[in-house]
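As structure tokens, the structure follows; a few thoughts come after it.
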Amino acid sequence: MTDTDIPEPIRQLLAAISETLTFPDPGSNLADLTRYEDCVCERVHLIRLAIHDVLNGKASQGVQWEADYLRTKTAERPPRYRTSEEYIAHLSGLANGGEGQ
């Protein structure tokens, strides 16, 4: 199968799934890891709903709508945790005698 064999709505849904599962790694403290896990669970739930609707003929608005919905929901709820880069910057600030960021 080549990429031209994939219908555009399905391509868009797959791209939306990939985008929904792409987010930064968390910092190493418990709060960041917990928020990261919450984000993963929430996004997996949204993806499972979209896939379920498409596979069971319940995507009444169409496959493109499901892709758009995933993107909208993901944009509405960005990750709410400190990323690994932010965590490292915080530790670096502490090591340099500051309070971190």
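The values are calculated or read from the model by the stated rules, or taken from the named source; none is laboratory data. Since this is a predicted model, take the numbers as computed values, not measurements. For neighbour counting, all protein chains shown are included, and Cβ atoms are generated from backbone atoms with ideal geometry for every residue, glycine included.
Tabulated data
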read-out: Every residue from the range 11-32 that is modelled with pLDDT under 95, surrounded by 12 or more Cβ atoms within 10 Å (Cβ to Cβ) and assigned to a helix (DSSP H, G or I); value: Asp32
read-out: Test: Ala89 is free of Cβ contacts under 8 Å to residues at least 40 places away in the same chain, outside any helix (DSSP H, G or I) and small (Gly, Ala, Ser); value: no
read-out: Residue that is surrounded by the fewest Cβ atoms within 10 Å (Cβ to Cβ), among those in the range 45-80 that are small (Gly, Ala, Ser) and assigned to a helix (DSSP H, G or I); value: Ala75
read-out: Long-range neighbours under 6 Å by Cβ, at least six apart or interchain, first residue more than 30 Å from Val54 (Cα to Cα) within the range 14-42, second among the acidic types (Asp, Glu); value: Pro26/Asp32
